[in-house]
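Asks: First the structure, which I've put down as structure tokens, then a few questions once you've had a look.
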Amino acid sequence: MKTKVSAGFPLGKVAYFVTSNVHKFQEARQVLSEYRLATAKLKVEAVEIQDDSLENIAKYSALDAVKNCGLPVLVEDAGLFVDSLKGFPGPYSKYVYNTVGLKGILKLMKNIENRSAYFKSVVAFVTPEEDPICFVGKVEGKIFLQEKGTSGFGYDPIFEPHEGDGRTFAEMTTEEKNVLSHRGKALRKFAEWYSGAGKRRF
Ligand code: ITT
């Protein structure tokens, strides 16, 4: 008997991604589609605690989301860590972006030679029956001297990945960013686990 397929995906294989950020959702959808997983953006209450650890923030949100919707969910928390600022803004990336923004970070970095930084992403997967499991992705790069590019979101216009060709994330397509990015790496780890051992349990 043939499996029923909808838009290229076997029916029922859906990853429910709880996020308010449409850019994150689009990136996740593209990565997970490589694994024939469909992604649905789930609008459900998920408290985002303030903590020094992205893992704790993602896990707590995922547990809150699953409590509120009863479905297996993915929650992702990400941040930009600047070496010369001792890892700032890190877990406070959203607050800093919404307050001082890119200009504030560039101002803090004025005359600073060491411009190394990295993005980290933690994807937490949790079901109503099981404890959260986390997948981590990291991309090393540097903070460019000014904003460059108009694609992507957040800190993309000032972040140049080391493994790239001199462009910032904001000068790349979603596909190009996903090859190198923290989120792409964390989601691929999730998808490989989910398509293998993990999948059989859910
Ligand atoms: P959620 O609803 O999924 O939590 P969010 O926008 O609040 O979406 P995060 O808390 O994970 O996302 O991210 C914190 C901030 O870090 C976010 O506001 C962005 O400014 C920045 N950020 C995260 N991932 C990024 C990326 O891939 N490129 C550029 N900036 C990013």
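Coordinate-derived values only; no laboratory data. Predicted model, so just to flag it, every value in this text is computed and none were measured. Quick reminder, even Gly has a Cβ in these numbers, built from the backbone with ideal geometry, and neighbours come from all protein chains shown.
Asks: Report the residue, chosen from 99, 168, 127, that carries the largest GNM mean-square fluctuation when the chain is represented by alpha-carbon nodes joined by springs under 10 Å.
Replies: 99
Asks: Just report the Cα centroid separation between region 31-55 and region 110-157, whole Å.
Replies: About 14 Å separates the Cα centre of region 31-55 from the one of region 110-157.
Asks: Any idea what the alpha-carbon Rg over 2.2 N^0.38 Å comes to for the chain?
Replies: It is 1.05.
Asks: Cα-based count: Lys pairs in region 102-202 below 18 Å, eight or more positions apart or different chains?
Replies: Value for region 102-202: 19.
Asks: Loop-only check: which GluC sites (Glu not before Pro) in region 56-151 are DSSP coil with at most 12 other Cβ within 10 angstrom?
Replies: 113, 129
Asks: Got a sec to turn the phi values of region 82-92 into Karplus ³J(HN,Hα) couplings, 6.51 cos²θ - 1.76 cosθ + 1.60 with θ = phi - 60°, whole Hz, x for Gly and Pro?
Replies: Coupling constants for region 82-92: 9, 4, 6, 9, 6, x, 5, x, x, x, 9 Hz.
Asks: Any idea what the dipole of region 88-190 comes to, in debye rounded to 20, about its Cα centre with Lys/Arg Cβ at +1 and Asp/Glu Cβ at -1?
Replies: The calculated dipole for region 88-190 is roughly 380 debye.
Asks: Using the number of other C-beta atoms within 10 angstrom as an exposure proxy, rank 23, 182 with the fewest first.
Replies: In order of increasing Cβ crowding within 10 Å: 23, 182.
Asks: Here is a follow-up. Which loop trypsin sites (Lys or Arg not before Pro) in region 46-109, with loop taken from DSSP, have no more than 16 other Cβ atoms within 10 angstrom of their Cβ?
Replies: Passing sites in region 46-109 are 86.
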